[in-house]
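The values are calculated or read from the model by the stated rules, or taken from the named source; none is laboratory data. The shown structure was predicted, so the numbers you read here are calculated from the model rather than taken from an experiment. Backbone-built Cβ (ideal geometry, glycine too); neighbour counts: all protein chains shown. To get the accessible areas, we keep the full protein, side chains included, count just its heavy atoms, and leave off ligands, DNA and RNA. Shrake-Rupley method; radii C 1.70, N 1.55, O 1.52, S 1.80 Å.
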Amino acid sequence: MYDLTKHFNYNRKEILRKINNVLNKGILELGKEVEQFEKNFSKYCKVKYCVTVSSGSMALLLALKSLNLKSKDEVITVANSDIPTSHAITLSGAKIRWVDVEENTFNIDVKEINKNINKNTKVILPVHLFGNPSKMNLISKIARKHKLKVIEDACLATGAVCDNKMIGSISDITVFSTNPGKILDGIGPGGILTTNNKKIYSKLKKLRDYGRSKRPGKWPVKSEIIGYNSKLSTINAAILNIRLKYLNWYIKKRNGNAELYTHHLKSDKIKFQEIDKGCISSWRNFPIRVKNRNYIYNELYKKKLDIKLNYLPPNHKDTCYSNINKIPKLPITEKICSQIINLPCHPYMAEKEIIKISKSILKIVK
Ligand SMILES: Cc1ncc(COP(=O)(O)O)c(C=O)c1O
(Lines give C-alpha, C1' and ligand atoms only; values in the text may rest on other atoms or scores of the structure.)
Protein backbone atom coordinates (compact mmCIF):
# COMPACT_ATOMS: atom_id res chain seq x y z
CA MET A 1 0.00 0.00 0.00
CA TYR A 2 3.01 2.28 0.44
CA ASP A 3 6.74 2.21 -0.14
CA LEU A 4 8.36 3.44 3.06
CA THR A 5 11.90 2.90 1.72
CA LYS A 6 11.33 5.13 -1.32
CA HIS A 7 9.56 7.58 0.99
CA PHE A 8 12.59 7.73 3.32
CA ASN A 9 15.04 8.03 0.43
CA TYR A 10 13.10 10.98 -1.01
CA ASN A 11 14.44 13.21 1.83
CA ARG A 12 17.04 10.86 3.26
CA LYS A 13 19.80 13.41 3.97
CA GLU A 14 17.48 16.01 5.49
CA ILE A 15 15.80 13.41 7.70
CA LEU A 16 19.08 11.91 8.94
CA ARG A 17 20.49 15.38 9.65
CA LYS A 18 17.40 16.29 11.68
CA ILE A 19 17.40 13.04 13.66
CA ASN A 20 21.06 13.63 14.44
CA ASN A 21 20.34 17.22 15.59
CA VAL A 22 17.47 16.20 17.84
CA LEU A 23 19.41 13.33 19.40
CA ASN A 24 22.40 15.59 19.96
CA LYS A 25 20.24 18.20 21.70
CA GLY A 26 18.67 15.47 23.82
CA ILE A 27 15.20 17.01 24.12
CA LEU A 28 13.20 14.04 22.91
CA GLU A 29 9.79 15.07 24.30
CA LEU A 30 8.02 18.39 23.72
CA GLY A 31 11.12 19.78 22.01
CA LYS A 32 10.93 22.96 19.92
CA GLU A 33 10.27 20.88 16.78
CA VAL A 34 6.92 19.81 18.29
CA GLU A 35 5.82 23.39 18.80
CA GLN A 36 7.10 24.32 15.33
CA PHE A 37 5.17 21.49 13.72
CA GLU A 38 1.98 22.45 15.57
CA LYS A 39 2.36 26.03 14.26
CA ASN A 40 3.16 24.86 10.73
CA PHE A 41 0.26 22.41 10.61
CA SER A 42 -2.24 25.02 11.95
CA LYS A 43 -1.09 27.33 9.19
CA TYR A 44 -1.41 24.57 6.59
CA CYS A 45 -4.97 23.74 7.70
CA LYS A 46 -5.95 27.39 8.24
CA VAL A 47 -7.04 26.63 11.80
CA LYS A 48 -6.18 28.38 15.08
CA TYR A 49 -4.84 25.53 17.19
CA CYS A 50 -3.07 22.21 16.77
CA VAL A 51 -2.01 19.62 19.36
CA THR A 52 0.19 16.64 18.49
CA VAL A 53 -0.26 13.32 20.31
CA SER A 54 1.07 9.77 20.26
CA SER A 55 -1.33 8.24 17.66
CA GLY A 56 -4.49 8.79 15.68
CA SER A 57 -6.29 6.43 18.07
CA MET A 58 -5.24 8.53 21.07
CA ALA A 59 -6.18 11.70 19.20
CA LEU A 60 -9.72 10.30 18.80
CA LEU A 61 -9.89 9.31 22.47
CA LEU A 62 -8.59 12.68 23.72
CA ALA A 63 -10.97 14.53 21.38
CA LEU A 64 -13.92 12.66 22.93
CA LYS A 65 -12.51 13.01 26.48
CA SER A 66 -12.21 16.77 26.00
CA LEU A 67 -16.01 16.95 25.64
CA ASN A 68 -16.74 15.34 29.07
CA LEU A 69 -19.15 12.74 27.73
CA LYS A 70 -21.32 10.77 30.18
CA SER A 71 -22.24 7.08 29.93
CA LYS A 72 -25.69 7.70 28.41
CA ASP A 73 -24.35 10.13 25.79
CA GLU A 74 -24.30 8.87 22.21
CA VAL A 75 -21.85 9.42 19.41
CA ILE A 76 -23.07 8.92 15.85
CA THR A 77 -20.49 7.40 13.53
CA VAL A 78 -19.98 4.82 10.77
CA ALA A 79 -18.99 1.17 11.02
CA ASN A 80 -16.85 1.02 7.86
CA SER A 81 -13.81 2.52 9.54
CA ASP A 82 -10.69 1.18 11.16
CA ILE A 83 -11.66 -0.33 14.52
CA PRO A 84 -9.92 2.45 16.58
CA THR A 85 -12.74 4.84 15.60
CA SER A 86 -15.27 2.73 17.51
CA HIS A 87 -12.82 1.80 20.27
CA ALA A 88 -12.19 5.47 21.05
CA ILE A 89 -15.92 6.05 21.57
CA THR A 90 -16.25 3.01 23.83
CA LEU A 91 -13.11 3.99 25.79
CA SER A 92 -14.45 7.53 26.26
CA GLY A 93 -17.35 5.99 28.21
CA ALA A 94 -20.04 7.07 25.71
CA LYS A 95 -22.27 4.88 23.52
CA ILE A 96 -21.75 4.28 19.83
CA ARG A 97 -24.60 4.71 17.39
CA TRP A 98 -23.43 3.32 14.07
CA VAL A 99 -25.35 4.58 11.06
CA ASP A 100 -25.31 3.61 7.41
CA VAL A 101 -23.25 5.18 4.64
CA GLU A 102 -23.81 6.45 1.10
CA GLU A 103 -23.30 3.90 -1.62
CA ASN A 104 -21.36 6.25 -3.92
CA THR A 105 -18.97 8.04 -1.50
CA PHE A 106 -18.76 5.25 1.18
CA ASN A 107 -19.13 8.06 3.78
CA ILE A 108 -21.74 8.74 6.46
CA ASP A 109 -25.25 9.21 5.07
CA VAL A 110 -26.63 12.54 6.28
CA LYS A 111 -30.23 11.22 6.14
CA GLU A 112 -29.20 8.44 8.54
CA ILE A 113 -27.70 11.01 10.94
CA ASN A 114 -31.03 12.85 11.03
CA LYS A 115 -32.95 9.61 11.64
CA ASN A 116 -30.70 8.60 14.54
CA ILE A 117 -30.49 11.83 16.54
CA ASN A 118 -32.20 11.56 19.94
CA LYS A 119 -32.06 13.31 23.31
CA ASN A 120 -28.82 11.49 24.22
CA THR A 121 -26.92 12.39 21.04
CA LYS A 122 -23.92 14.62 21.79
CA VAL A 123 -21.43 14.14 18.96
CA ILE A 124 -21.38 13.39 15.23
CA LEU A 125 -18.13 11.67 14.23
CA PRO A 126 -17.83 11.34 10.44
CA VAL A 127 -14.92 9.37 8.97
CA HIS A 128 -13.40 10.57 5.69
CA LEU A 129 -13.03 7.12 4.24
CA PHE A 130 -9.74 6.53 2.43
CA GLY A 131 -9.26 10.32 2.39
CA ASN A 132 -12.59 11.24 0.78
CA PRO A 133 -14.24 14.11 2.73
CA SER A 134 -17.75 13.53 4.12
CA LYS A 135 -20.49 16.10 3.46
CA MET A 136 -19.25 18.54 6.12
CA ASN A 137 -21.47 21.42 5.06
CA LEU A 138 -24.63 19.41 5.74
CA ILE A 139 -23.19 17.72 8.86
CA SER A 140 -22.23 21.12 10.35
CA LYS A 141 -25.77 22.40 9.70
CA ILE A 142 -27.33 19.41 11.50
CA ALA A 143 -24.89 19.84 14.40
CA ARG A 144 -25.74 23.54 14.75
CA LYS A 145 -29.48 22.82 14.64
CA HIS A 146 -29.28 20.16 17.40
CA LYS A 147 -26.39 21.76 19.36
CA LEU A 148 -24.09 18.79 18.80
CA LYS A 149 -20.30 18.71 18.61
CA VAL A 150 -18.54 17.40 15.51
CA ILE A 151 -15.29 15.43 15.59
CA GLU A 152 -13.92 14.50 12.16
CA ASP A 153 -11.89 11.31 11.83
CA ALA A 154 -9.45 12.51 9.18
CA CYS A 155 -6.83 9.89 9.98
CA LEU A 156 -6.67 9.06 6.27
CA ALA A 157 -7.49 12.56 5.01
CA THR A 158 -4.55 14.85 5.78
CA GLY A 159 -4.37 17.51 3.08
CA ALA A 160 -7.91 16.83 1.81
CA VAL A 161 -10.33 19.64 0.96
CA CYS A 162 -14.08 19.84 1.59
CA ASP A 163 -16.38 22.54 0.20
CA ASN A 164 -13.17 24.38 -0.74
CA LYS A 165 -12.02 24.40 2.93
CA MET A 166 -9.05 22.51 4.32
CA ILE A 167 -9.98 19.43 6.33
CA GLY A 168 -8.89 20.41 9.84
CA SER A 169 -10.43 23.88 9.72
CA ILE A 170 -14.13 23.03 9.72
CA SER A 171 -15.38 21.26 12.87
CA ASP A 172 -15.03 21.50 16.65
CA ILE A 173 -12.15 19.00 16.46
CA THR A 174 -10.43 17.17 13.60
CA VAL A 175 -8.20 14.18 14.17
CA PHE A 176 -5.32 12.96 11.96
CA SER A 177 -2.93 10.01 12.12
CA THR A 178 0.77 10.32 11.27
CA ASN A 179 1.48 6.60 11.59
CA PRO A 180 3.96 5.32 8.95
CA GLY A 181 2.13 4.89 5.66
CA LYS A 182 -0.39 7.66 6.30
CA ILE A 183 -0.61 10.66 3.96
CA LEU A 184 1.72 12.74 6.18
CA ASP A 185 3.73 10.35 8.31
CA GLY A 186 6.64 10.03 10.69
CA ILE A 187 8.81 7.06 11.63
CA GLY A 188 6.55 5.80 14.38
CA PRO A 189 3.03 6.25 15.71
CA GLY A 190 1.70 9.79 15.93
CA GLY A 191 -1.48 11.83 15.78
CA ILE A 192 -2.70 15.41 15.42
CA LEU A 193 -5.78 17.31 16.60
CA THR A 194 -6.90 20.67 15.25
CA THR A 195 -9.53 23.04 16.63
CA ASN A 196 -10.58 26.69 16.57
CA ASN A 197 -11.80 26.44 20.17
CA LYS A 198 -9.33 27.75 22.77
CA LYS A 199 -10.96 25.87 25.67
CA ILE A 200 -10.79 22.56 23.81
CA TYR A 201 -7.19 23.30 22.82
CA SER A 202 -6.12 23.92 26.45
CA LYS A 203 -7.88 20.76 27.58
CA LEU A 204 -6.26 18.66 24.86
CA LYS A 205 -2.80 19.92 25.85
CA LYS A 206 -3.45 18.85 29.44
CA LEU A 207 -4.95 15.50 28.45
CA ARG A 208 -1.84 14.55 26.44
CA ASP A 209 0.59 15.30 29.28
CA TYR A 210 -0.59 13.90 32.64
CA GLY A 211 -3.01 16.79 33.11
CA ARG A 212 -0.23 19.37 32.99
CA SER A 213 -0.61 22.54 30.96
CA LYS A 214 3.01 23.75 30.87
CA ARG A 215 6.17 21.82 30.21
CA PRO A 216 9.13 21.93 29.83
CA GLY A 217 9.76 24.77 32.28
CA LYS A 218 10.48 25.49 35.90
CA TRP A 219 9.23 22.91 38.36
CA PRO A 220 7.05 22.23 40.26
CA VAL A 221 4.39 21.80 37.57
CA LYS A 222 0.82 21.08 38.63
CA SER A 223 -1.32 18.30 37.23
CA GLU A 224 -4.66 20.08 36.84
CA ILE A 225 -6.85 17.27 35.46
CA ILE A 226 -6.61 13.49 35.10
CA GLY A 227 -4.67 12.90 31.90
CA TYR A 228 -2.58 10.55 29.80
CA ASN A 229 0.97 10.34 28.54
CA SER A 230 0.29 10.77 24.84
CA LYS A 231 3.00 12.97 23.43
CA LEU A 232 4.46 12.93 19.91
CA SER A 233 8.25 12.39 20.03
CA THR A 234 10.45 15.31 19.02
CA ILE A 235 12.07 13.15 16.30
CA ASN A 236 8.68 12.45 14.73
CA ALA A 237 7.75 16.14 14.88
CA ALA A 238 11.06 17.03 13.18
CA ILE A 239 10.34 14.55 10.35
CA LEU A 240 6.76 15.78 10.01
CA ASN A 241 8.12 19.34 9.64
CA ILE A 242 10.25 18.17 6.72
CA ARG A 243 7.46 16.18 5.06
CA LEU A 244 4.79 18.85 5.56
CA LYS A 245 6.62 20.85 2.86
CA TYR A 246 5.82 18.02 0.43
CA LEU A 247 2.22 17.37 1.51
CA ASN A 248 0.71 19.22 -1.47
CA TRP A 249 2.97 17.22 -3.78
CA TYR A 250 1.84 13.94 -2.14
CA ILE A 251 -1.80 14.92 -2.66
CA LYS A 252 -1.17 15.90 -6.28
CA LYS A 253 0.60 12.60 -7.01
CA ARG A 254 -2.12 10.56 -5.29
CA ASN A 255 -4.82 12.38 -7.27
CA GLY A 256 -2.84 11.75 -10.45
CA ASN A 257 -2.68 8.03 -9.61
CA ALA A 258 -6.44 7.97 -8.94
CA GLU A 259 -7.01 9.47 -12.40
CA LEU A 260 -4.76 6.83 -13.96
CA TYR A 261 -6.67 4.00 -12.24
CA THR A 262 -9.98 5.51 -13.39
CA HIS A 263 -8.64 5.52 -16.94
CA HIS A 264 -7.00 2.06 -16.93
CA LEU A 265 -9.82 0.31 -15.06
CA LYS A 266 -12.68 1.37 -17.33
CA SER A 267 -15.32 -1.35 -17.10
CA ASP A 268 -19.04 -1.48 -16.34
CA LYS A 269 -18.19 -4.18 -13.77
CA ILE A 270 -16.11 -1.85 -11.60
CA LYS A 271 -17.46 0.96 -9.42
CA PHE A 272 -15.31 3.79 -8.08
CA GLN A 273 -15.58 5.89 -4.94
CA GLU A 274 -17.19 9.23 -5.86
CA ILE A 275 -15.79 12.52 -4.61
CA ASP A 276 -18.29 15.35 -3.98
CA LYS A 277 -18.04 18.63 -5.91
CA GLY A 278 -15.75 21.16 -4.21
CA CYS A 279 -13.81 18.35 -2.48
CA ILE A 280 -10.33 16.88 -2.99
CA SER A 281 -9.59 13.42 -1.62
CA SER A 282 -6.15 12.59 -0.30
CA TRP A 283 -6.54 9.02 -1.72
CA ARG A 284 -4.82 7.00 1.03
CA ASN A 285 -5.59 4.12 -1.33
CA PHE A 286 -7.78 3.65 -4.38
CA PRO A 287 -10.87 1.58 -3.50
CA ILE A 288 -12.85 -0.22 -6.19
CA ARG A 289 -16.11 -2.16 -5.85
CA VAL A 290 -16.47 -5.46 -7.68
CA LYS A 291 -18.96 -8.33 -7.40
CA ASN A 292 -16.40 -11.19 -7.37
CA ARG A 293 -14.26 -9.43 -4.77
CA ASN A 294 -12.98 -12.48 -2.89
CA TYR A 295 -11.92 -14.25 -6.08
CA ILE A 296 -10.07 -11.16 -7.37
CA TYR A 297 -8.42 -10.63 -4.00
CA ASN A 298 -7.17 -14.22 -3.84
CA GLU A 299 -5.86 -14.17 -7.41
CA LEU A 300 -4.01 -10.86 -6.97
CA TYR A 301 -2.69 -11.96 -3.60
CA LYS A 302 -1.23 -15.07 -5.24
CA LYS A 303 0.50 -12.81 -7.78
CA LYS A 304 1.95 -10.82 -4.85
CA LEU A 305 0.27 -7.63 -6.03
CA ASP A 306 0.02 -4.95 -3.34
CA ILE A 307 -3.74 -4.94 -2.66
CA LYS A 308 -5.72 -4.94 0.58
CA LEU A 309 -9.15 -5.55 2.07
CA ASN A 310 -9.87 -2.95 4.72
CA TYR A 311 -11.95 -2.63 6.87
CA LEU A 312 -13.24 -6.12 7.46
CA PRO A 313 -15.31 -7.02 9.32
CA PRO A 314 -17.08 -3.67 9.70
CA ASN A 315 -16.84 -2.39 13.30
CA HIS A 316 -20.37 -3.40 14.35
CA LYS A 317 -19.64 -7.02 13.36
CA ASP A 318 -16.20 -7.27 14.95
CA THR A 319 -15.61 -9.75 17.79
CA CYS A 320 -15.01 -7.05 20.42
CA TYR A 321 -18.60 -5.80 19.91
CA SER A 322 -20.27 -9.24 19.79
CA ASN A 323 -21.67 -8.73 23.32
CA ILE A 324 -23.65 -5.57 22.58
CA ASN A 325 -27.41 -5.89 22.83
CA LYS A 326 -28.63 -4.56 19.54
CA ILE A 327 -26.31 -4.89 16.58
CA PRO A 328 -27.69 -2.45 14.01
CA LYS A 329 -28.59 -3.40 10.44
CA LEU A 330 -26.41 -1.42 8.07
CA PRO A 331 -27.20 -2.84 4.61
CA ILE A 332 -25.15 -0.39 2.52
CA THR A 333 -22.13 -0.64 4.84
CA GLU A 334 -22.27 -4.43 4.66
CA LYS A 335 -22.71 -4.47 0.89
CA ILE A 336 -19.79 -2.10 0.34
CA CYS A 337 -17.57 -4.01 2.76
CA SER A 338 -18.25 -7.22 0.84
CA GLN A 339 -17.25 -5.62 -2.49
CA ILE A 340 -14.27 -3.35 -1.82
CA ILE A 341 -10.68 -3.98 -2.81
CA ASN A 342 -8.10 -1.33 -2.02
CA LEU A 343 -5.36 -0.60 -4.52
CA PRO A 344 -2.13 1.22 -3.68
CA CYS A 345 -2.05 4.92 -4.58
CA HIS A 346 1.12 6.27 -2.95
CA PRO A 347 3.19 9.06 -4.50
CA TYR A 348 6.10 6.87 -5.60
CA MET A 349 4.06 4.60 -7.91
CA ALA A 350 4.92 4.47 -11.58
CA GLU A 351 2.16 4.33 -14.21
CA LYS A 352 3.37 0.87 -15.27
CA GLU A 353 2.56 -0.50 -11.79
CA ILE A 354 -0.95 0.95 -12.05
CA ILE A 355 -1.35 -0.58 -15.53
CA LYS A 356 -0.14 -3.99 -14.27
CA ILE A 357 -2.65 -4.02 -11.37
CA SER A 358 -5.45 -2.72 -13.61
CA LYS A 359 -4.84 -5.34 -16.35
CA SER A 360 -4.76 -8.17 -13.81
CA ILE A 361 -8.14 -7.03 -12.44
CA LEU A 362 -9.78 -6.49 -15.86
CA LYS A 363 -8.84 -10.05 -16.88
CA ILE A 364 -10.83 -11.65 -14.04
CA VAL A 365 -13.57 -9.17 -13.01
CA LYS A 366 -17.11 -10.55 -13.46
C1 LIG B 1 -10.02 5.90 9.83
C2 LIG B 1 -8.99 5.68 10.89
N3 LIG B 1 -9.19 6.16 12.13
C4 LIG B 1 -8.29 5.99 13.11
C5 LIG B 1 -7.11 5.32 12.90
C6 LIG B 1 -6.12 5.14 14.02
O7 LIG B 1 -4.92 5.82 13.77
P8 LIG B 1 -3.54 5.30 14.41
O9 LIG B 1 -3.14 4.06 13.68
O10 LIG B 1 -2.58 6.43 14.19
O11 LIG B 1 -3.79 5.04 15.85
C12 LIG B 1 -6.86 4.77 11.64
C13 LIG B 1 -5.61 4.04 11.37
O14 LIG B 1 -5.35 3.57 10.30
C15 LIG B 1 -7.82 4.96 10.61
O16 LIG B 1 -7.63 4.44 9.40
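The table below lists the values:
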{"quantity": "Sites GLN36 and LYS366 - FRET efficiency at Förster radius 41 Å, r taken between beta-carbons, to 0.05", "calculated": "0.20"}
{"quantity": "Semi-axis lengths (Å, descending) of the ellipsoid that matches the C-alpha gyration tensor of the stretch 267-351", "calculated": "26, 18, 14"}
{"quantity": "Part-to-part distance (alpha-carbon centres) for the stretch 183-201 and the stretch 89-119, which is given in Å", "calculated": "23"}
{"quantity": "Other-chain or far-sequence residues with amide H under 5 Å of ASP163's (modelled H)", "calculated": "CYS279"}
{"quantity": "Computed [θ] at 222 nm, helices only, for the chain once each DSSP H run of length n ≥ 4 contributes -39500 (n - 2.57)", "calculated": "-12000 deg cm²/dmol"}
{"quantity": "For the stretch 274-294 and the stretch 345-366, distance of Cα centres in Å", "calculated": "15"}
{"quantity": "Environment charge of LYS119, counting only residues whose C-beta is closer than 14 Å and scoring Lys/Arg +1, Asp/Glu -1", "calculated": "+4"}
{"quantity": "Overall Cα dimensions of the stretch 4-51 - principal axes, largest extent first, Å", "calculated": "32, 27, 13"}
{"quantity": "Amide hydrogen neighbours beyond the local backbone of GLY191, cut-off 5 Å, H modeled", "calculated": "VAL53, SER54, SER55, THR178"}
{"quantity": "Cβ-Cβ FRET estimate between THR90 and TYR246, R0 fixed at 25 Å, reported to 0.05", "calculated": "0.10"}
{"quantity": "Two-site label geometry, LYS317 and ARG17: point separation in nm, points 7 Å out along Cα→Cβ", "calculated": "5.1"}
{"quantity": "In sequence order, calculated HN-Hα J values of the stretch 151-156 (Karplus, 6.51, -1.76, 1.60; Hz; x Gly/Pro)", "calculated": "10, 8, 8, 10, 4, 9"}
{"quantity": "Gyration tensor over alpha-carbon atoms, the stretch 60-215, equivalent ellipsoid semi-axes in Å", "calculated": "22, 19, 15"}
{"quantity": "Cross-link pairs LYS165/LYS366; LYS13/LYS304; LYS18/LYS231; LYS147/LYS198; LYS145/LYS277; LYS72/LYS205 - those with Cα-Cα distance over 28 Å", "calculated": "LYS165/LYS366; LYS13/LYS304"}
{"quantity": "Förster radius 51 Å - calculated FRET efficiency between ALA350 and GLU224, Cβ distance, rounded to 0.05", "calculated": "0.45"}
{"quantity": "Net charge of Cβ neighbours under 13 Å - reference VAL75; Lys, Arg +1; Asp, Glu -1", "calculated": "+2"}
{"quantity": "For the stretch 280-295, 3J(HN,Hα) per residue [Karplus equation, 6.51 cos²θ - 1.76 cosθ + 1.60, θ = phi - 60°, Hz, x = Gly/Pro]", "calculated": "10, 7, 8, 6, 3, 8, 10, x, 10, 10, 9, 6, 8, 4, 5, 4"}
{"quantity": "DSSP beta bridge pairing in the chain, given as percent antiparallel to the nearest 5", "calculated": "60"}
{"quantity": "Descending semi-axes in Å of the chain, equivalent ellipsoid built from Cα gyration tensor", "calculated": "33, 27, 17"}
{"quantity": "Accessible area expressed per residue, the chain, with surrounding protein chains retained (probe 1.4 Å, Å²)", "calculated": "47"}
{"quantity": "Accessible surface of the stretch 5-83 [probe 1.4 Å, protein heavy atoms]: carbon and sulfur percent", "calculated": "53"}
{"quantity": "Stokes-Einstein D for the stretch 71-152, Kirkwood Rh over Cα pairs, 4 °C, 1.567 mPa s (µm²/s)", "calculated": "103"}
{"quantity": "DSSP bridge pairs, the stretch 135-207: antiparallel proportion in percent, nearest 5", "calculated": "65"}
